[in-house]
Amino acid sequence: MYEKLIAYLPSLNGEKHGKWVSGKSKDPSASPFGFLMYDRTGDGIMHEVYRIVDRYPQMGLNRYQEILEKNGIHWNKQEMKEADVSKWDDQGVVALLVGILRADRFVEGVYKEFLENGCIRRWIERLKEIDAEK
């Protein structure tokens, strides 16, 4: 079920997966604000997580905060970073991924941080274990 996410594991090796693009431009049609541009890995994982949310509505991932709380985690960066997902089910792990993507909408750069600090790799590795158990 998570093959497409698992396929990104070799790319999640601590490298940078996004870069800040300056809003300064001589082009008047360009945004004056800076933004993050993700590489193929960053974009791919993001799109795949949202595909899972859309494809499996029975998982209830739109209630990611409730799912995280059920697993003893509040929707905050530190608790999510420290989450021990070794015994979690796939709903909880994917809820972490959704939670980080949603947090990035409020604080741009959170997703990039979790891509690069090893958390997303650890969570996808757990999904790989879950897939192997099925």
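What follows draws every value from the coordinates through simple rules; no lab data is involved. All values derive from a computational prediction rather than experimental measurement. For neighbour counting, all protein chains shown are included, and Cβ atoms are generated from backbone atoms with ideal geometry for every residue, glycine included.
Under a 5 Å amide H cut-off, with hydrogens placed 1.01 Å from N, LEU36 pairs with VAL21 among residues at least 5 apart or on other chains. If you wrap the tightest convex hull around every Cα atom of the chain and split its volume per residue, you get 117 Å³.
How high is the FRET efficiency between ALA132 and LEU36 when r is their beta carbon distance and R₀ equals 41 Å, given to the nearest 0.05? Walk me through the numbers before you get to the answer.
Numbers: r = 33 Å, r/R0 = 0.80.
My answer for the efficiency is 0.80.
Comparing LYS81, LYS19, LYS112 in a Gaussian network model of the chain, where Cα atoms under 10 Å apart are tied by springs, the biggest mean-square fluctuation is seen for LYS19.
Projecting label points 7 angstrom from Cα along Cα→Cβ for LYS4 and PHE106 puts them 2.7 nm apart. Could you give the DSSP H helices of the chain that reach 15 angstrom or more along their long axis (alpha carbon positions) and whose average Kyte-Doolittle hydropathy is no lower than 0.0? Correct list, ordered by number: 90-106.
About the centre of its Cα atoms, segment 3-133 shows a dipole size close to 440 debye [charges on the beta carbon of Lys, Arg (+1) and Asp, Glu (-1) only; nearest 20 debye].
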